[in-house]
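Report on the structure given below.
The values are calculated or read from the model by the stated rules, or taken from the named source; none is laboratory data. Just so you know, these numbers come straight off a predicted model, no measurement behind them. Cβ placement follows ideal geometry from the backbone for every residue including glycine, while neighbour counts extend to all protein chains displayed.
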Amino acid sequence: MTDWLGMAAHPRSPHPELKTRVLGRALERRRWIAPLAAAALLVILAGGGSAYWASRTIRALSAERDTLSARLAALQDTVNTFIHGTATRLVQVPVSTGGRLGAVTIFADDAHHRWLVRCDGLAPNEPDQAYQLWFITDKGMKTAAIMPMDQDRPMVMALEMPTDHAQVMGAAMSIEPRAGSAEPRGPMVFHRLL
Amino acid sequence: MTQPKRLSLEAERTLVRRLKARDEQALGELFDLLAPWVLGLACRILHDEAEAEEVVGDVFAQVWRHVHRHDARRGPLVPWILAIARNRALDALRRRRRWWRKAERWEQAYGVGQDVDAPTGPDESSVPGWPLHREVHAALAALPEEQRRVVLLAYFEGLTHSEIARRLDQPLGTVKTRLRIAHQKLSATLDHLKDWLS
């Protein structure tokens, strides 16, 4: 019952201005809290949004990293198969393009009907041209790959050999329009029977 | 003598509802009803008008901010606010570095329990809640002097049992016994209080 003991103190009439001061202070706090709460809410929302964006970005980057890792592992596996395969033949063809010397290296895996081709030192193409690699077969020249080369750097590609019972006898490379040609018409870079 | 304003249980509920609905006018009405008591209690504890007015500001600001915490099932509004006022005033008292000296000076000047028998002015009886004040006042005055002293020291000065024992130079057990008996008597006397009209 001590809750009521405060009533034992004698009441005191407050100064008239005390009411104005007290109410002003109590209500002022309320007005002050509203913008503060709004600002806090804004900060929380911004923080939440940033956290969500960061989380999404991290997930996307992780997925991309995993994809690239898988592709790299597959490529490493492919390269190892070419390099270390017992049925792989290695052919290196010196080439001269745009007044510079380079080389085309072919790892020919006849067992799996695949080639791994690496081009070094090829001069960059004109904007409307591309290198085109050809299989020389007993049924004629068959396109193997179109390689637009805009930068001066090595290029590596894996190629599937023709599947129409044509026997591959060699390889050739010519300079063709950028979209490629059905048969070699441009300047021949090399023509080599394996 | 003007007739004291009265606050019924229903009026109190309405006031609390309006406060919870953030009715600023209700806060003004609450001030009119309770400010004399809150200020009186703070003055009684602090013996400093300016500090007591600060406490009044703190109390009404806290009531306005936290009125949703008031649970009518646990007690009426007035004791809840008085408890806030007492706690705020005692906090201010404890912050004072020289509060012991001040309390002793005050005790020498007025003596503990002076408030219980203090005369009242004619205007005070017009303050809302006056009949309740008289009832609590009478309940305290009815206590034997040694019990009233320990109750006043505990409630209005916030002293612990040990501090009261030191202040009165009495054994701790004696102080606890007096407090227990005093609370039992006050509970029996004031148990019927439900609101300002009861």
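Mind checking which pairs have a first residue in region B:18-42 that is surrounded by fewer than 19 Cβ atoms within 10 Å (Cβ to Cβ) and a second that is of a type in the set (A, V, I, L, M, F, W, C) and assigned to a helix (DSSP H, G or I), Cβ under 8 Å, 6 or more apart or different chains? Within 8 Å, the pairs are B:R18/B:A26; B:K20/B:V67; B:E24/A:L23; B:E24/A:L27; B:G28/A:L23; B:E29/B:L15.
Candidates are the residues of region A:144-177 that are assigned to a loop (DSSP other than H, G, I, E, B) and in contact with a strand residue (DSSP E or B) (Cβ under 7 Å, 6 or more places away or on another chain); the one that is surrounded by the most Cβ atoms within 10 Å (Cβ to Cβ) is A:M161. From the list A:V43, A:V79, the one residue that fits, being more than 30 Å from B:A50 (Cβ to Cβ) and either modelled with pLDDT under 90 or outside any helix (DSSP H, G or I) (or both), is A:V79. Entry remark, region A:109-130: residues being over 15 Å from A:V93 (Cα atoms) and not in a loop (DSSP other than H, G, I, E, B) number 4 in total. Within region B:49-80, take every residue that is among the charged types (D, E, K, R) and at pLDDT 85 or above and give me the one that is nearest to B:R13 (Cα to Cα). Looking at residues that are among the charged types (D, E, K, R) and at pLDDT 85 or above, I get B:R69.
Inclusion of B:R18 among residues that are out of contact with any Leu (no Cβ under 6 Å at 6 or more places or on another chain), of a type in the set (K, R) and at pLDDT 90 or above is warranted.
The residues listed here are B:V151, B:V116; of these, the one that is at the interface with chain A (Cβ under 9 Å from one of its Cβ atoms), modelled with pLDDT of 85 or more and under 14 Å from the mean Cα position of the chain (by Cα) is B:V151. Quick one: would you say A:R21 is in a helix (DSSP H, G or I), under 30 Å from B:E24 (Cα atoms) and among the charged types (D, E, K, R)? The answer is yes for A:R21. Taking region A:98-111 on its own, how many of its residues are at pLDDT below 90 and surrounded by 15 or more Cβ atoms within 10 Å (Cβ to Cβ)? Qualifying residue count for the region: 3.
Filtering region B:154-197 to residues that are away from chain A (no Cβ under 11 Å), in contact with a Ser or Thr (Cβ under 7 Å, 6 or more places away or on another chain) and in a helix (DSSP H, G or I) leaves only B:L172. Listed conditions (1) touching a helix residue (DSSP H, G or I) at 6+ places or on another chain (Cβ under 6 Å); (2) among the aromatic types (F, W, Y); (3) away from chain B (no Cβ under 11 Å) are all met by A:Y52, apart from (1). Filtering region B:11-47 to residues that are polar (S, T, N, Q) and away from chain A (no Cβ under 13 Å) leaves only B:T14. Identify all residues within region A:68-107 that are out of contact with any Leu (no Cβ under 8 Å at 6 or more places or on another chain) and among the polar types (S, T, N, Q); write none if there are none. Once the filter is applied, which keeps residues that are out of contact with any Leu (no Cβ under 8 Å at 6 or more places or on another chain) and among the polar types (S, T, N, Q), region A:68-107 yields A:S69, A:Q76, A:N80, A:T81, A:T86, A:T88, A:Q92, A:S96.
For region B:127-155, the set of residues classified as farther than 27 Å from B:R94 by Cβ and touching a Pro at 6+ places or on another chain (Cβ under 8 Å) consists of B:V127, B:P128, B:G129, B:W130, B:P131, listed by residue number. Filter region B:137-148 down to residues that are within 12 Å of chain A (Cβ to nearest Cβ) and either assigned to a helix (DSSP H, G or I) or modelled with pLDDT under 90 (or both), then give me how many there are. Residues flagged as within 12 Å of chain A (Cβ to nearest Cβ) and either assigned to a helix (DSSP H, G or I) or modelled with pLDDT under 90 (or both) within region B:137-148 amount to 6.
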